[in-house]
Amino acid sequence: MNHHNEIEKAMVQLNACNFKLCSIQCGVILEDILKNTYNNKKDAFRRSYSYNGKLTLGSLLIIYKKNDGFSLLSDFYKIDKKKLDAIDFDTMVSIRNKASHDGQDDKDTETEADAHIIFGYLLKLLTIISPFQKITPKDPVKSLPVPEPQPPKPDPRLKKIIYIPGAGKPDPKEPLPPKDTVEVCRNNETGKYFIYLGETTDKKSRYITPEGNIKELASNLFHQIEEQDKEFILTKKLITREQHEKLIFYKKALSNDVTNIIPHPQEQEEPGYIKKYRKMIENPDSIPSIMLKLIKEAGKIPWKDLKKSLIQKYNYKDSGSLGASIRVLEIDGHIKISGRGDDRSISYSK
């Protein structure tokens with residue numbers, strides 16, 4: 001399999017918003033990479049664990065874990081095994097399985113986020129084991145250096161920053177310059193800060209753990225989300241180097257910023273669903289418009305009551321569309337949210 005050509009096919013599916021197909025295509029590439037190493041180092045694998053069943057992506061992951069297979073993978077491709085630590089293989093396999101078996105809808109925000117994540121991880125893996133080559137018709141293939149990750153650009157629409165106690169407060173009379181900020185929240189049990197990436201369901205959200213892994217965890221395990229200046233939390237070591245590196249990689253994956261690695265038809269600073277739902281606000285009968293209307297009329301309303309009104313009065317389903325709508329309204333400053341889960345409070349702010 002030509003992995004370079006296949007990843008371009010996955011990118012085409014991603015840009016066409018065929019998120020399930022993109023995730024499945026990425027799974028096919030990952031399976032081929034793992035199977036190739038297994039077949040070439042079969043004796044080394046079988047010394048500690050023998051497997052006689054069908055080599056699926058799931059079974060390959062089990063084999064690799066039981067055999068220290070990622071050391072064999074790094075040896076086969078002659079790379080430093082530490083570089084593979086940035087790849088969350090469990091998440092990749094989980095995303096591929098959901099796309100293949102769970103009947104996901106491309107319109108769901110979780111399906112879109114999953115496709116960006118698995119594509120980003122796979123792109124990172126391929127740049128490690130076989131640096132990408134930029135291909136143009138009728139031209140010889142020339143190797144390109146892998147670019148160093150760059151921090152994401154600050155959002156000019158930043159909401160008011162909630163400062164960690166002891167950090168000091170700015171003079172309210174002086175306007176704050178745009179800052180590069182990160183959304184973090186403290187774990188109730190450990191007190192450690194996790195980087196918040198966004199809701200996946202009403203009760204769960206996606207976070208970057210202190211170890212640098214992306215995980216979906218229950219939202220009630222954390223304190224309120226705080227939007228912090230990135231330089232400050234790095235200086236104070238409130239987040240780890242692994243978290244910071246994973247955040248940069250995650251942001252690049254979401255923005256599809258891979259133009260220096262493979263051909264890319266467009267640049268995208270935000271996930272596609274953000275722009276889609278922002279455009280929908282112009283339609284008074286759309287989900288975000290009706291949601292904003294209800295919040296404005298109430299002034300302040302619990303999330304569970306808002307959902308109940310949308311479901312009972314307007315026949316909307318409790319799906320990713322509600323989460324996407326509320327996220328866009330918050331990003332654009334129409335509303336303010338405090339608290340977590342169904343008990344969080346939503347206030348009109350414009």
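All conditions but one from (1) at pLDDT 50 or above; (2) hydrophobic (A, V, I, L, M, F, W, C); (3) assigned to a loop (DSSP other than H, G, I, E, B); (4) within 24 Å of the chain's Cα centre (by Cα) apply to I79; the one that does not is (4). I'm checking my understanding of the structure. Among residues of the range 177-195 that are more than 19 Å from I214 (Cα to Cα) and in contact with a Lys or Arg (Cβ under 9 Å, 6 or more places away or on another chain), which one is modelled with the lowest pLDDT? Here the answer is K179.
Only residues that are over 23 Å from S130 (Cβ atoms) and part of a helix (DSSP H, G or I) were counted across the range 52-63, and they come to 3.
Got a sec? Which of I95, I87, I24 is within 20 Å of K215 (Cβ to Cβ), touching a Ser or Thr at 6+ places or on another chain (Cβ under 9 Å), surrounded by 15 or more Cβ atoms within 10 Å (Cβ to Cβ) and not small (G, A, S)? Spell out the reasoning first.
Values: I87 fails: touching a Ser or Thr at 6+ places or on another chain (Cβ under 9 Å); I24 fails: within 20 Å of K215 (Cβ to Cβ).
Residue meeting the stated conditions: I95.
Got at least one residue in the range 64-71 being among the acidic types (D, E), assigned to a loop (DSSP other than H, G, I, E, B) and under 30 Å from K275 (Cβ atoms)? Within the range 64-71, not a single residue is among the acidic types (D, E), assigned to a loop (DSSP other than H, G, I, E, B) and under 30 Å from K275 (Cβ atoms). From the list D85, D90, D32, the lone residue that is acidic (D, E), more than 22 Å from E242 (Cα to Cα) and not in a loop (DSSP other than H, G, I, E, B) is D32.
The values are calculated or read from the model by the stated rules, or taken from the named source; none is laboratory data. Model, not experiment: these values are computed from the prediction. Heads up, the Cβs are rebuilt from the backbone with ideal geometry, glycines too, and the neighbour counts pull from every protein chain shown.
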